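Working notes, beginning with the structure itself.
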Amino acid sequence: MPTETETVEDLIKTARTTPSEDIARRIMTEAGAGASADMMGQVLKGLGVADDIIQKTISTSTGLVAFDLQAPAKNLYPVATPIRNRLPRVGGGTGTATNWRQVNAIIGSGFDAMGWVPEGQRSGQMSYSTSSKAASYATLGEEDAITYEAIHAARGFEDAQARMTMRLLQKTFLKEEFAVMGGNNSLQLGTPVAAVLSAGGSGATLPALTYSVIVVALTLEGYANSVKLAGSLSIPTTKTITGADGKTFTLNGGSSNKSASATQVITLGQVLSASVTPISGAVGYAWFVGAVGSETLQAITTVNSATFSAPLTGGAQAATTVTADSSTNSTAFDGLLTAGFKPANGAQVITLPTGTAGVGTVLTASGKGSVVEIDNLLLSMWNAYQVSPSVIYVNAQELKNITTKVLQGSSAPLLQYFADPKQGEYRLAAGGTIEFYFNPFMLDGGMKIPIKIHPNLPPGTILAWAENLPVQYQSNEVPNVAEIKTRQDFYQIDWPIVTRQRQVGVYVEEVLALYAPFAIGIITNIANG
């Protein structure tokens, strides 16, 4: 601004002799109240003030640009919950558990399969096999919070609070899917027996040493928690969680106790092979290898064997971190896999043999367009309980292996021909997959069973499940072989505001009520190939 004795004219005179950006700005500030910038620019040019004094070149690097932010945020994570989506949800639960009585068998008098009665005489009286069943409710939940600043800052971008609640519900769905497949309340893995070791082969780079091997078995939850841990290879034992209320609780991660150590002398060039007796309920095995007393986690397999031919990885989890069985949780319920693995439930479980040299046993082609092990499972389910699966869940690896076993030689075409008469062209599509598996073992001539990939099922395990009992189970009073029985279906809690953030919890109180666990079939310990 000009001083009391300095007028605009004085400033213009100064600009003519000593042009500067400061002088030009002061002239424009004083005289620009009633003049546009363009007009002032013309005046100053007329006075001889240089262009580079009164204007600057603006480019995108100046930063005076709009920010093209696409709204809302893109949620690039999968939410695949096929089993919870198929399971019926039945409300009305109360108390701490849902209970039912069941008739397991009706037993005829005399010989059970003979009904002959002499003329004029009465038959003996039949009897029943009955039992009482109960499934305790469990609570699943997840919480999140958002500050008021975050809510306000997201205006025009997305409804941050609503989106938070949506993602919270999706995560609870994902955890529920793990629960209904592999929740484990009652099937302890215990302690594996010591591994069986051998040395053989040539050309390996494993250094010469007397190696010690310790093995730990993993449930479905344990396997999932292992492969998802960041950093070096590690398996879960227990974890203490601090809730949003400040209270703590402990969850077991899904691992067995560690086995006793087994040792094997290895000379340079040899391969160390290890196997262990399969454990019911395990879908994976963790292998701790090293010098005696210094064993660290070197591999996680989905079969009961492993081989080691290269130098061991340093800095891995030590076997000393595993001190007890951490395979079950008292706050959980049993999922389909757990129920199927329990011998008392009568499900058909086929565990493939160990194989040789730690390789494991692969599925076997029947030579007639099917897989021997799946055929055997279907036959066993019919012979034991006259049931058939209505769906077969597999890992992507097993779908590939099943397809390879079925589409062999002349069993099916490997190329498909597509013609477009309008365009006068033809196209070939290579490859294929198995969409259905035909089960001939049924009263009415068989059925097609869909084969579906499940994202949580690990390689090496196949789960078959009958969602409905066949017609010969007359008046069974079991509309659903399995259902999610809810004491309180999904509900949201908006906690009282005690700080400048909104805290939200999503919970569900439920149990997987499995009325006919014998309608489950499992093939496990399948090697890749």
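The values are calculated or read from the model by the stated rules, or taken from the named source; none is laboratory data. Bear in mind the structure is a predicted one, so any value in this text is a computation, not a measurement. Please note: Cβ atoms are built from the backbone with ideal geometry, for glycine as well, and neighbour counts cover all protein chains shown. Protein only, heavy atoms only, side chains kept; ligands, DNA and RNA dropped before computing areas. Shrake-Rupley method; radii C 1.70, N 1.55, O 1.52, S 1.80 Å.
Summary table below
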quantity	calculated
Residue, farthest from the chain's Cα centre (by Cα), within segment 129-143, restricted to residues that are farther than 21 Å from Asp334 by Cβ and surrounded by fewer than 16 Cβ atoms within 10 Å (Cβ to Cβ)	Ser129
Test: residue in segment 280-292 that is touching a residue at least 24 places away in the same chain (Cβ under 8 Å), part of a loop (DSSP other than H, G, I, E, B), open to solvent by 20 Å² or more (accessible area, probe 1.4 Å) and over 30 Å from Val508 (Cα atoms)	yes
Hits in segment 459-498 (condition: part of a loop (DSSP other than H, G, I, E, B), open to solvent by less than 80 Å² (accessible area, probe 1.4 Å) and in contact with a strand residue (DSSP E or B) (Cβ under 6 Å, 6 or more places away or on another chain))	Gly460
Filter result for Ser186 (buried (at least 20 other Cβ atoms within 10 Å of the Cβ), of a type outside the set (Asp, Glu) and either modelled with pLDDT of 95 or more or in contact with a His (Cβ under 8 Å, 6 or more places away or on another chain) (or both))	no
Some residue of segment 232-252 being more than 26 Å from Val271 (Cα to Cα), of a type in the set (Phe, Trp, Tyr), surrounded by fewer than 17 Cβ atoms within 10 Å (Cβ to Cβ) and modelled with pLDDT of 95 or more	yes
The one condition in (1) in contact with a Ser or Thr (Cβ under 8 Å, 6 or more places away or on another chain); (2) assigned to a loop (DSSP other than H, G, I, E, B); (3) crowded, with 22+ Cβ neighbours inside 10 Å; (4) modelled with pLDDT of 95 or more that Pro389 fails to fulfil	(1)
Filtered residue count, segment 500-524, keeping only those that are open to solvent by less than 10 Å² (accessible area, probe 1.4 Å), of a type outside the set (Gly, Ala, Ser) and assigned to a loop (DSSP other than H, G, I, E, B)	0
Residue ID - nearest to Leu218 (Cα to Cα), chosen from residues in segment 254-268 that are out of contact with any Asp or Glu (no Cβ under 6 Å at 6 or more places or on another chain) and open to solvent by less than 10 Å² (accessible area, probe 1.4 Å)	Ser255
Candidate set from segment 443-458 (those that are open to solvent by 60 Å² or more (accessible area, probe 1.4 Å) and within 18 Å of Val391 (Cβ to Cβ)); member that is nearest to the chain's Cα centre (by Cα)	Pro455
Residue match in segment 335-353 (condition: at positive phi, out of contact with any Asp or Glu (no Cβ under 9 Å at 6 or more places or on another chain), in a loop (DSSP other than H, G, I, E, B) and open to solvent by less than 20 Å² (accessible area, probe 1.4 Å))	yes
